[in-house]
Every structure is written in structure tokens, then in C-alpha cells.
Amino acid sequence: MIDVKPKFQAIVFIFATFIISAIEEYFIIRDSGMNDLLRIVAIMWTPGLIGFALALIFDRNLQSLGFKNPDWKSTIAAYCVPAVAAMLIVLLLIASRVAEFEIGEDLILKKGSVHLVLAQALLILPTMGVAVSFLSAIGEEIGWRGFLTSKLKELSFNKRNLIIGLIWSVWHWPLILFANYASSEKPWVNVICFTVAVTSFSFFLGYLRSISNSVFPAGLAHAGHNVWMQAVIPVFYKAGPLVPYLGGESGLFCAIIYAAMALFIVRKYKLQN
């Protein structure tokens with residue numbers, strides 16, 4: 001084992017992740033953007049692979065990555081919370097008349113019937129879709145909630161997850177600002193909402209990591225978030241002009257919902273401490 005302070009290991013991880021990711025982002029932005037699935041999977045696995053490498057270099061083992069069997073409580077919470085948050089976004093969009101409840105005719109024609117559309121949105125995507133998404137999401141989580149979390153464990157729960165959440169948010173910024181990851185024509189608006197949402201979501205993922213001592217629930221929650229926000233809920237509404245700013249994972253409603261959840265978790269840990 002190499003005797004290097006955990007905070008220095010964290011700095012090395014952050015520096016290496018951002019440098020390698022910047023190279024990958026350059027090619028994503030220059031070429032086909034977020035449409036290149038292989039490059040997206042590669043960049044999502046960058047934090048995890050760097051975490052693997054540094055764990056072997058500094059610790060000579062993989063214990064810091066959180067490869068433990070999770071309990072049922074954390075697993076159920078990981079699966080359900082992103083789904084509930086996504087449903088709340090749909091309800092807010094419809095209740096505020098920003099969007100109309102509608103299953104698009106084009107989608108029905110493409111799938112063959114409304115029953116097949118519903119089967120895909122409510123059965124296939126939340127099961128098989130989440131399982132497939134997990135294979136890429138866990139790559140990020142091995143880095144953020146695995147290696148980096150373990151190296152910042154001397155910090156308080158709230159400070160640790162605030163720092164990781166902000167770093168994680170900034171890591172996404174180039175793709176929102178310069179690729180086609182933004183949901184609106186004003187990417188800077190989406191950056192603000194996305195930063196609030198993802199930093200807040202980091203508290204939930206950190207909470208899962210803490211109560212389970214495992215990185216896997218965080219990976220499941222991350223995968224569920226991606227599937228529900230990006231693929232499931234758009235099926236159920238006709239988007240109005242404000243939806244790109246209020247709906248989805250980089251919209252105001254997601255930021256508000258996740259911020260409220262983060263405040264609840266912060267209060268919970270403040271009372272415990």
C-alpha cells in the first residue's frame with residue numbers, strides 16, 4: 001500500500017477524471033454529440049476505471065469502491081425514488097398547464113398500438129431498461145460514490161456530498177453547453193437547473209452509499225433516474241414551449257424536487273450528528 005493521504009488521492013482522482021473526460025468530450029462535441037452511444041458509455045465509465053486504477057495503486061485492493069451486497073431497504077429506495085420524482089414532474093407539468101397529458105400519435109403508429117406503447121413505457125423500460133442503463137451508470141458511481149466518497153469520508157456527510165455533487169455537476173457542463181445534452185435553446189438555463197438537481201441528487205446517492213456501505217444502490221438510482229427522466233415520462237405528455245425549461249432532468253421542476261429531498265436528508269443527518 002502506498003502511504004498517500006486520502007484527500008490527495010481524491011485530488012488525483014478528480015484531476016485525472018476531468019483531464020481524460022475533456023479529451024472524450026472534445027470528440028463527442030466535435031462529432032455526433034450525445035447520439036454516439038459508445039462514446040457516452042465510455043465517458044460514463046471514465047470515473048469508474050480511474051477509481052479502479054487508483055484503488056489498486058494506492059490501496060492495493062478494491063475495498064474503497066464499495067463492492068458489497070446492498071440491503072433491501074436501500075435497493076428499494078434506489079429504485080423507487082427516481083420513479084416517484086419523474087411522476088411528480090409529469091403531474092406538475094400537467095397541473096401547471098405547461099404540458100398536456102397525451103400519448104403521441106406518432107409513437108402509437110411506430111409501436112403499433114397504445115397498449116404496446118404503455119407496455120414499453122411502464123414495463124420494459126422500468127425493468128430491462130433500468131438493468132441496461134445500470135451497466136453504464138455504475139461506471140460513474142464506482143468513481144463518485146465509490147472511490148471519491150471513500151477518500152472524503154473524514155468530512156461530514158453533508159459537506160462530502162455537497163462537494164461531490166458540485167464536482168459531478170461541473171463534469172457534465174461541457175456536454176450541456178456545447179453538445180446536444182441541453183433540453184432547451186438556452187443551455188445556460190439548463191446548466192443552472194441541472195447543477196441544482198444533480199448536486200441535490202448527490203445527497204440521495206450519498207445517503208444510499210452510507211446506509212448500505214455499497215455502491216450498487218447508487219448505481220441503480222442513477223440508472224433509474226436516467227431511464228425515467230429521459231425515456232419514460234416524455235411518453236405521457238405533449239410538450240409546450242416551456243417544457244424544455246421546466247421538465248426533464250435539467251428543468252426547474254426536477255431541481256425543486258431533488259432540492260427538497262436533499263434538504264430533508266441534510267436535516268436528517270444534522271439531527272443524527
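Every number here is computed from the coordinates shown, using simple stated rules; none is lab data. No experiment lies behind these values; they were computed from the predicted model shown. Cβ atoms come from the backbone with ideal geometry, glycine included; neighbour counts cover every protein chain shown.
Protection proxy ranking for 239-246, 155-162, 18-25, 111-118, using the average of other Cβ atoms within 10 Å per residue and placing the highest first: 155-162, 239-246, 18-25, 111-118.
Here, P(r) means the percent of Cα pairs in each 5 Å bin from 0 to the largest distance; for the range 193-260 it is 4, 17, 23, 24, 16, 9, 4, 2, 1. Shown is the FRET efficiency for MET87 and ARG30, computed with R0 = 35 Å from the Cβ-Cβ distance and rounded to the nearest 0.05: 0.40.
Considering the values (1) 18.7, 62; (2) 17.5, 55; (3) 20.2, 63, which represents Rg and Dmax of the Cα atoms in Å as calculated for the structure under consideration? Checked against the structure: label (1). For the range 6-272, the number of Lys pairs separated by eight or more positions or lying on different chains, with C-alpha atoms closer than 21 Å, is 14. Each of TRP173, TRP72, TRP168, TRP188 has some number of other Cβ atoms within 10 Å of its Cβ, and from fewest to most they run TRP72, TRP188, TRP173, TRP168.
Using the Cβ-Cβ distance between LEU49 and PHE8 with R0 set to 25 Å, the FRET efficiency works out to roughly 0.80. In this structure, SER156 and PHE15 have a Cβ-Cβ separation that, at R0 = 25 Å, corresponds to a calculated FRET efficiency of about 0.60. Just to confirm the number: angle between the C-alpha axis of helix 130-141 and the first principal axis of the chain, 0 to 90 degrees, nearest 10? Around 40 degrees separate the two axes. Taking Cα atoms only, the orientation of helix 72-95 departs from the longest principal axis of the chain by about 40 degrees.
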